[in-house]
Amino acid sequence: MKRTRAQILVMVALGLVGLMAMVALAVDGSRVYMDRRMAQNAADAAALAMAWEWLRTNGSCQAAINKGYQVAASLGYDNDGLTNSVELFCPPSTGQYAGQRGHFQALITTHTSTTLLNLVGWSQLNSTAEAVARASQGTLFGFNAIVALSETRYGGTFGGIKMNGNSLVRIRNGGMFSNSNASRSIWGVGSATLRIELDPGFTLDAVGDCRLPSRYASLCRPGVPQVDYETWVAQLDEIIPAIPAPPACTVNMSRLSLSNDVLPAGVYCVRGDVNLDNVTMQGKVVIVSSGNVILDGDNTAENLEIYATGRIVRFAASSTFSAQRLRIYSTGGTDVELLGGARVSSGDTLIYLTRGIIDWRGNTQVQLCPPPPNDPDGFGGLVVYLKDATRAPDVIFRGNTENWMAGTFLAPKIPVQFNGNSDNSYTRVTCHGFTSTAGVPSQIIAYAVQINGNSYTYVDFDPNFLFKRPTIELLK
């Protein structure tokens, strides 16, 4: 009996040791698991923060890493070496993304003190969480140089893309996309006179079908997935900044009329019309006007900003305007007009109308560079944004024009027309250190697009000139 009792005591003791080990693992293991889970969340946040900061600072790894440490610390991981260690890399130092630009690695190691396991010599358990994020800048619509967003109809006025006879469309490094499900989603009329030229590997993508001369049938790729129009347009509010608030007025006026004179730097708030004729604008001139703004004669500006709520901002017939920097903002129904013979040029341009249209008349010459990639207001590469339409207007590039607009031309609710004898076949365009040598470096995104007879449209699709859409993703 005594021997049996002794055996039982030994078995109980061994069982208690096993039970205590299991309890210790359960208690301390749970703490390690919770610590690792929290560390993983912090590593994810730090990696994503690095990616955003890298984009915001135009590729500064040091700024990205500093931001990552700041975010990790705010979540309780301060790299003290006692309870946690934080390692951040731009680009990653190990793994499948090692050395790849635009990738960011966060490693957070937790040092968890044990309780019960400490009794058997394990005073600390370590666990490492890893996250890898990627940042990229793409255009608003991939490699499509000309985009029609309408989901139905055709003809280039109410939907789809239409190219009429005796027009030439040449696109380098890009293609077209029509979101219409119509049988003539992309429609080419005039088998003998219509010319379409794309680089190898690029296509005319259509949700519906193409109706093209037989020699261009191989360029068409029908049946591509449709983009939800309302969703796509709605997300622009998250991508494109709102019109900035105008600065405080330094001069208040009932109207501003100036001829053969100098307009010094200042913020001119004008209740009525503004008429400038042969005026030199010095420094930063800001005009905030509830009337019409008319630019006539020969006007030059270093840095002109127009905040308009009147009916028209007009570049008068045969006038000349040149600027180093030009901004035209309107939160009302303002239209921008370029009358016949007007010559307008700017090295840094944005026309942003929440409601309104742009009208290019015959024989105008428009040469506009977009804001630079590091534009402080976040508009880099966006040359025109026509946000809304309260009626059924077109943006019309009329006949006999010689113009180019580098950058992204965005009019998601408005049809765009290129009319006869227009020519944007420039072979050399330079903006902000980037040079295009095969056409105008632009991306045209509209509700519908029509290219009419005798027009020549050469596009050199170069993302360096275009508005970028930041993309952040967590890879690991």
Which residue, of F379, F409, is at pLDDT 90 or above, under 23 Å from the mean Cα position of the chain (by Cα) and not in a strand (DSSP E or B)?
F379
So, restricting to strands (runs of 3 or more DSSP E) that lie completely within the range 118-164, which ones have at least 3 residues that are under 27 Å from R211 (Cα atoms), at pLDDT 90 or above and out of contact with any helix residue (DSSP H, G or I) (no Cβ under 8 Å at 6 or more places or on another chain)?
144-148, 161-163
Applying the selection to the range 349-376, what residues are aromatic (F, W, Y) and at pLDDT below 95?
W360
Going by the conditions given, is Y216 at pLDDT below 95 and touching a strand residue (DSSP E or B) at 6+ places or on another chain (Cβ under 6 Å)?
yes
Can you tell me which residue within the range 67-81, out of those that are without any contact (Cβ under 8 Å) to a residue 24 or more places away in the chain and not charged (D, E, K, R), is farthest from L125 (Cα to Cα)?
Q70
Out of G201, G190, I need the residue that is without any contact (Cβ under 8 Å) to a residue 24 or more places away in the chain and in a loop (DSSP other than H, G, I, E, B). Which one?
G201
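Conditions tested, residue by residue: (1) hydrophobic (A, V, I, L, M, F, W, C); (2) crowded, with 18+ Cβ neighbours inside 10 Å; (3) in contact with a helix residue (DSSP H, G or I) (Cβ under 9 Å, 6 or more places away or on another chain); (4) not assigned by TED's automatic domain parsing to the domain that holds G156.
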{"position": "G190", "(1), (2), (3), (4)": "no, no, no, no"}
{"position": "E197", "(1), (2), (3), (4)": "no, no, no, no"}
{"position": "P200", "(1), (2), (3), (4)": "no, no, no, no"}
{"position": "Y216", "(1), (2), (3), (4)": "no, yes, no, no"}
{"position": "R221", "(1), (2), (3), (4)": "no, no, no, no"}
{"position": "V224", "(1), (2), (3), (4)": "yes, no, no, no"}
{"position": "V267", "(1), (2), (3), (4)": "yes, yes, no, yes"}
{"position": "Q282", "(1), (2), (3), (4)": "no, no, no, yes"}
Are any residues in the range 289-328 of a type outside the set (G, A, S), surrounded by fewer than 21 Cβ atoms within 10 Å (Cβ to Cβ) and in a strand (DSSP E or B), and if so, which ones?
I294, D298, T300, E302, N303, E305, I312, R314, T320, Q324, R325
Which members of the range 77-94 meet the condition of being on the phi > 0 side of the Ramachandran plot and out of contact with any helix residue (DSSP H, G or I) (no Cβ under 9 Å at 6 or more places or on another chain)?
G81
Considering only residues that are charged (D, E, K, R) and over 22 Å from P412 (Cα atoms), which ones fall in the range 321-349?
R325, R343, D348
Of the residues L204, L256, L198, L194, which is under 29 Å from Y456 (Cα atoms) and modelled with pLDDT of 95 or more?
L204
When T157 is evaluated against the numbered criteria (1) closer than 15 Å to Q450 by Cα; (2) in contact with a Gly (Cβ under 9 Å, 6 or more places away or on another chain), which criterion, by number, is the only one it fails?
(2)
Filter result (of a type outside the set (S, T, N, Q) and more than 14 Å from L198 (Cβ to Cβ)) within the range 214-229
P222, G223, V224, P225, V227, D228, Y229
So is Y352 touching a Leu at 6+ places or on another chain (Cβ under 9 Å), in a strand (DSSP E or B), over 19 Å from F409 (Cβ atoms) and aromatic (F, W, Y) or not?
no
What are the pairs with Cβ atoms under 9 angstrom where one residue, in the range 82-108, is within 17 Å of N41 (Cβ to Cβ) and the other, located anywhere, is among the charged types (D, E, K, R) and assigned to a loop (DSSP other than H, G, I, E, B)? Sequence gap at least six, or different chains.
N84/D78; V86/D78; Q105/K476
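The values are calculated or read from the model by the stated rules, or taken from the named source; none is laboratory data. Predicted model only: the values in this text are computed from it and were never measured. Note that each Cβ is placed from the backbone with ideal geometry, even for glycine, and that neighbours are counted across all protein chains shown.
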